[in-house]
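Visitor: Mind having a look at this structure? Questions to follow.
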Amino acid sequence: MESKHLIGLENISKNDIDEFIETGFLFREVLDRPIKRVPSLTGKNIVNLFFENSTRTKISFELAEKRLSADIINFSSSSSSVKKGESLKDTIQNIHAMKIDCVVMRHPIPGSSIQLTNYVDSVIVNAGDGTHEHPTQALLDMMSLKEHFGKIKDLKIGIIGDILHSRVALSNIFGLVKLGAKVKVCGPPHLIQKDIKDLNVEVEYDVDNLIDWADAINVLRIQRERMGVGIIPSVREYRRFFGITSQRLANHKKNIVVMHPGPINRGVEIDSSVADSDQAIILDQVLNGVAVRMSVLYLLLGNNDLK
């Protein structure tokens with residue numbers, strides 16, 4: 001690997017992205033075996049450092065680590081010395097003194113993962129830092145697209161929703177563009193960055209036009225916990241203009257692929273009938289999430305042959 005850490009996809013090479021995805025497919029085969037464990041990271045110590053609530057990402061990382069036979073320490077800020085005023089630097093350096101090989105961290109402040117590299121020599125994997133990036137989510141999304149279409153280059157991918165606050169959107173944009181996909185973002189104008197076109201994406205404000213254009217759509221939730229009160233007039237109005245409903249898809253008469261990184265706000269950005277339909281590959285994304293996180297940890301930490 002050209003990279004020691006996985007902080008984000010903005011500054012990582014196309015070759016490393018391809019390697020993460022292709023190795024993810026090898027681990028997907030491991031997950032289909034009766035015994036879903038390999039000894040690749042035996043003796044490696046990994047701490048899951050989550051300063052922000054998480055269900056899917058934390059479970060996915062922990063399962064990936066167990067499948068690789070690593071030793072795991074789970075850290076929760078709510079029951080740690082952080083509550084007593086301990087700084088991030090002191091917390092990390094104390095953990096590092098215990099001979100940790102890798103830190104998987106989720107933190108509400110953008111840039112916290114790169115800051116972490118200044119404090120410790122361990123491998124750092126960013127599990128989401130504020131509104132900045134969520135690289136493993138983008139990797140699993142791209143793996144799921146390649147699994148379905150057989151390629152990523154020249155695919156037309158629409159990302160719909162709260163682009164402004166979404167670390168998933170940003171990491172997907174960086175990764176998809178590097179792999180040669182065409183990307184359009186869609187949402188309310190005030191939820192899309194003014195300079196988003198500088199990232200080599202197009203902007204579309206009409207979700208029906210986007211559906212006509214796209215091969216696949218990645219539907220994001222409205223992050224009300226990040227945006228405060230009043231940034232969208234009402235859930236009903238948002239659903240009317242940007243919600244992915246069964247009726248909206250039926251009007252287009254095309255078999256578009258539907259994705260969602262979770263958690264899903266059913267009846268807001270997407271209907272249950274769509275999320276649970278054959279067009280949706282949401283559960284494939286979940287399984288591929290374990291495989292691609294196994295890939296990331298193996299490639300950054302592993303020194304054994306994949307068996």
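The values are calculated or read from the model by the stated rules, or taken from the named source; none is laboratory data. This one's a predicted model, so the numbers in the text were calculated from it and none came from an experiment. For neighbour counting, all protein chains shown are included, and Cβ atoms are generated from backbone atoms with ideal geometry for every residue, glycine included.
Visitor: Within the range 123-131, can one find any residue that is crowded, with 18+ Cβ neighbours inside 10 Å and more than 30 Å from Thr91 (Cα to Cα)?
Guide: no
Visitor: Test of understanding: among Val290, Val286, Val274, Val258, which residue is among the β-branched types (Val, Ile, Thr), within 18 Å of Leu26 (Cβ to Cβ) and either touching a residue at least 40 places away in the same chain (Cβ under 8 Å) or crowded, with 18+ Cβ neighbours inside 10 Å (or both)? Don't jump to the end; show me each part of the working.
Guide: On the way: Val286 fails: within 18 Å of Leu26 (Cβ to Cβ); Val274 fails: within 18 Å of Leu26 (Cβ to Cβ); Val258 fails: within 18 Å of Leu26 (Cβ to Cβ).
On inspection, the qualifying residue turns out to be Val290.
Visitor: Something else about it: Pairs only if they're at least six apart or on different chains, beta carbon under 9 angstrom, first in the range 196-210 and without any contact (Cβ under 8 Å) to a residue 24 or more places away in the chain and among the hydroxyl-bearing types (Ser, Thr, Tyr), second buried (at least 18 other Cβ atoms within 10 Å of the Cβ) and not in a loop (DSSP other than H, G, I, E, B); list them, first residue then second.
Guide: Here the result reads Tyr205/Cys186, each pair linking the range 196-210 to a residue that is buried (at least 18 other Cβ atoms within 10 Å of the Cβ) and not in a loop (DSSP other than H, G, I, E, B).
Visitor: Would you check if Asp162 is crowded, with 17+ Cβ neighbours inside 10 Å, at pLDDT 95 or above and of a type in the set (D, E, K, R)?
Guide: No: the conditions fail for Asp162.
Visitor: Would you be able to say whether some residue in the range 53-70 is touching an Asp or Glu at 6+ places or on another chain (Cβ under 9 Å) and touching a residue at least 12 places away in the same chain (Cβ under 8 Å)?
Guide: Yes, because at least one residue in the range 53-70 is touching an Asp or Glu at 6+ places or on another chain (Cβ under 9 Å) and touching a residue at least 12 places away in the same chain (Cβ under 8 Å).
Visitor: Quick one: which residue in Lys83, Lys89, Lys4 is outside the structural domain of Ser295 (by TED's automatic domain parsing), loosely packed, with under 15 Cβ neighbours inside 10 Å and either touching a strand residue (DSSP E or B) at 6+ places or on another chain (Cβ under 9 Å) or modelled with pLDDT under 90 (or both)?
Guide: Result of the check over Lys83, Lys89, Lys4: Lys4.
Visitor: Please state which one of Glu10, Glu22 is acidic (Asp, Glu) and either touching a strand residue (DSSP E or B) at 6+ places or on another chain (Cβ under 8 Å) or in a loop (DSSP other than H, G, I, E, B) (or both). First the steps, then the outcome.
Guide: Working: Glu22 fails: either touching a strand residue (DSSP E or B) at 6+ places or on another chain (Cβ under 8 Å) or in a loop (DSSP other than H, G, I, E, B) (or both).
Answer to the check: Glu10.
Visitor: Which of the following residues is surrounded by fewer than 22 Cβ atoms within 10 Å (Cβ to Cβ), more than 18 Å from the chain's Cα centre (by Cα) and on the phi < 0 side of the Ramachandran plot: Ala250, Ala280? Spell out how you get there, then give the answer.
Guide: Working: Ala280 fails: more than 18 Å from the chain's Cα centre (by Cα).
After applying the criteria, what remains is Ala250.
Visitor: Out of the range 32-78, which residues are of a type in the set (Gly, Ala, Ser), over 20 Å from the mean Cα position of the chain (by Cα) and part of a loop (DSSP other than H, G, I, E, B)? Explain how you work it out, then say what you get.
Guide: The initial filter retains those residues of the range 32-78 that are of a type in the set (Gly, Ala, Ser), namely 40, 43, 54, 60, 64, 69-70, 76-78.
Filter again for over 20 Å from the mean Cα position of the chain (by Cα), leaving 40, 43, 69-70, 76-78.
Once the filter is applied, which keeps residues that are of a type in the set (Gly, Ala, Ser), over 20 Å from the mean Cα position of the chain (by Cα) and part of a loop (DSSP other than H, G, I, E, B), the range 32-78 yields Ser40, Gly43, Ser69, Ala70.
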